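The values are calculated or read from the model by the stated rules, or taken from the named source; none is laboratory data. None of these values were measured; they are calculated from a predicted model. Cβ placement follows ideal geometry from the backbone for every residue including glycine, while neighbour counts extend to all protein chains displayed.
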Amino acid sequence: MLWSLVGVHSSKIPFRISDGVDAAQQAKFLLVHPLMIITVLWNTAKVSLLSLSGQFIGVLGWLDAPLPRWFYHFEGILFIISATLSLLYFRKNSLKKYFAKNGLIFLLFFGTMCSVSLALYLIWTPVGGHEIEGLQGRYFIPLAMFSILFFPNSKKVNFISTKNIEKMEITLLIFSVWVSFFVVIQTIFSRYW
C-alpha cells in the first residue's frame, strides 16, 4: 500500500473519477478502516469466486466468449488427477519439512493474491466499495505457474513403477493439450463466425 501512495501516485493518470474512484482516497479509507480489507476480500470471494475461477481457466474475447461448460469440469478433474499423481511422489520421512515449506508457500500465494486484489481495489473500485471491481481470473495465472512448488520433490514413486507413472503423466498431458486446443478453436469459431 505504501508503494501505491508513494510510487504510483506521482505517475498515475486518474480514470473513472465520475464513478467515485480515487486511489489516494481509497488508501486513506483503508488506513482509517483496516478491518474493511477482510470484509472486502470476503465479499469479493463470496460474489465472484466462481466467475474468477472460470476466467482463470479461460474466457476468451472481452470476457464474452466462455468455453463450453463441460470443459471447466474437465479442467477441475484434470487438476485433481494431476494432484493425485503428484502425491504418489510423497515421502513419509519428509512430512515435517513438507508442511513447513508448504505453509510458507501458501502464505506467499495468499499474500500475493490479496496484494493483486487490493491493488485493483485501490485503482478500480469506488471509495468505500464493499467488493473489488475489475478483478479478473487471468490476473492469477502467473501465480499459478508457481503452484508446482506445493508438490513433493522426489524422483521415486510410491505404489506404482516410475515408468508407468511417467507414461500416465505424458498421456494425460498430451490428451489435455489436444482437448484444450480443440475447445479453444471451437469457441473462437462459434464466437467470431
Report summary line: Of the residues in the range 104-125, those that are among the hydroxyl-bearing types (S, T, Y) and touching a residue at least 60 places away in the same chain (Cβ under 8 Å) number 3
Report task. Pairs only if they're at least six apart or on different chains, beta carbon under 7 angstrom, first in the range 141-164 and within 30 Å of M113 (Cα to Cα), second in a loop (DSSP other than H, G, I, E, B) and at pLDDT below 80; list them, first residue then second. Result -> P152/Y89; P152/F90; P152/R91; S154/Y89; S154/R91
Query - Among the residues listed as S53, S18, S86, S48, the single one being part of a helix (DSSP H, G or I), within 24 Å of the chain's Cα centre (by Cα), surrounded by fewer than 16 Cβ atoms within 10 Å (Cβ to Cβ) and among the small types (G, A, S) - result: S53
Query raised in the report: Hey, does the range 124-144 have a residue that's within 30 Å of K163 (Cα to Cα) and either within 16 Å of the chain's Cα centre (by Cα) or loosely packed, with under 14 Cβ neighbours inside 10 Å (or both)?
Result: yes
Query - Y72 of a type in the set (S, T, Y) and either exposed (fewer than 11 other Cβ atoms within 10 Å of the Cβ) or modelled with pLDDT under 75 (or both) - result: no
Query raised in the report: If you go through the range 30-52 one residue at a time, do you hit one that is under 20 Å from S180 (Cβ atoms), at pLDDT 90 or above and of a type in the set (V, I, T)?
Result: no
